[in-house]
Amino acid sequence: MPPSGLFQRLKAFFFSGSTPSLEELEDILIESDLGYKTAMALSEELTLVAKAGRLKTEPELRLALKDLLRKNLRVAELPFHPENLNLYLFLGVNGVGKTTSIAKMAYRFAAAGQGPILLAAGDTFRAAAVEQIRLHGKKLDVRVVGQGQGADPASVLFDSLESARAQGEKIVLADTAGRMHTKANLVKELQKILKIAQG
């Protein structure tokens, strides 16, 4: 069975004794959701580090990968306006961790004393997505607004914003279904969601 995690696959790639191609390395990185441009840049840099003889052990590989990934990270401050309702809309393709990131952000805001917080269960497409966000809400003692699988996500967002205003919540963390830019119907749906968000 082939290794599944990013580091395990890179370890097999670099220490297998064979001479794999740059394209194979790019494939590993792309399959790990790093994006095409980032995967190309990382594969070239990792290959240069390996050719320079600096990747002889697993710890060296792990450190090189961390250093290269760190250089590609973009850090941005999340604005929070305590006098207003703050909406944070989570967008992305399938499986990137939007729902889990919402739980982490809710925890962070609560720990910083910001809030109260509401979670909007706007991913009405993925099976069990609403249940997942409800479970996070229960664990974090945060209110969740949702309508169940198959509901109109724009309607969920509208209800969430109205409910947050009525209850005095200061933060709405809104989940959305994973979508690719090539799916016209999902992009159209997103336009409707953004229109409501911009209110």
### Query
Which helices of the chain meet both criteria: a Cα extent of 18 Å or more along the helical axis and a mean Kyte-Doolittle score no lower than -1.0, with helices taken as whole DSSP H segments?
36-51, 58-72, 98-111, 153-167, 184-198
#### Entry: Highest average packing first - 35-43, 150-158, Cβ atoms within 10 Å
150-158, 35-43
### Query
So what is the accessible area of the chain per residue, in Å², with the probe set to 1.4 Å?
62 Å²
### Query
So what is the 222 nm mean residue ellipticity for the chain from helices alone, if each DSSP H run of at least 4 adds -39500 (n - 2.57) and you divide by all residues, rounding to the nearest 500 deg cm²/dmol?
-17000 deg cm²/dmol
## Note on the structure
Heavy-atom accessible area of the chain with neighbours in place, 1.4 angstrom probe: carbon+sulfur share in percent works out to 55 percent
### Message
Just to be sure I understand the model, the point goes 7 Å from the Cα along the line to the Cβ. What's the resulting Gln167 to Leu85 distance in nm?
### Response
1.2 nm
### Task
Report relative contact order for segment 101-199 in percent, whole number only (criteria: Cα-Cα under 8 Å, sequence separation at least 6).
33 percent
### Task
Show the residues, 5+ positions off or on another chain, whose built amide H is closer than 5 Å to the amide H of Val172.
Asn86, Leu87, Tyr88, Leu118
### Message
Please give the charge dipole size of the chain, origin at the Cα centre, charges +1 on K and R Cβ atoms and -1 on D and E Cβ atoms. Round to the nearest 20 debye.
### Response
280 debye
### Message
Just want the answer: with Cβ charges of +1 for Lys and Arg and -1 for Asp and Glu, which residue in His81, Val93, Val130 is farthest toward the dipole's positive end in the chain?
### Response
His81
### Task
Let me have the relative contact order for the chain, percent, based on Cα pairs under 8 Å that are six or more residues apart.
20 percent
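May I ask you to compute the full-extension gain from Ala151 to Glu58, defined as 0.36 nm times their residue separation minus their alpha-carbon distance, rounded to one decimal in nm?
28.7 nm
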### Query
Pairs Lys71/Lys195; Lys37/Lys104; Lys138/Lys195; Lys11/Lys51: which are spaced more than 25 Å apart, C-alpha to C-alpha?
Lys71/Lys195; Lys37/Lys104; Lys138/Lys195
### Task
Roll a 1.4 Å probe over the protein heavy atoms and report the accessible area of Lys66 in Å², nearest 10.
110 Å²
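The values are calculated or read from the model by the stated rules, or taken from the named source; none is laboratory data. Computed from a predicted structure; not experimentally measured. Glycine also receives a Cβ, built like all others from the backbone with ideal geometry; neighbour counts cover every protein chain displayed. In case anyone asks, the SASA skips ligands and DNA or RNA and just uses the protein heavy atoms, side chains included. Shrake-Rupley method; radii C 1.70, N 1.55, O 1.52, S 1.80 Å.
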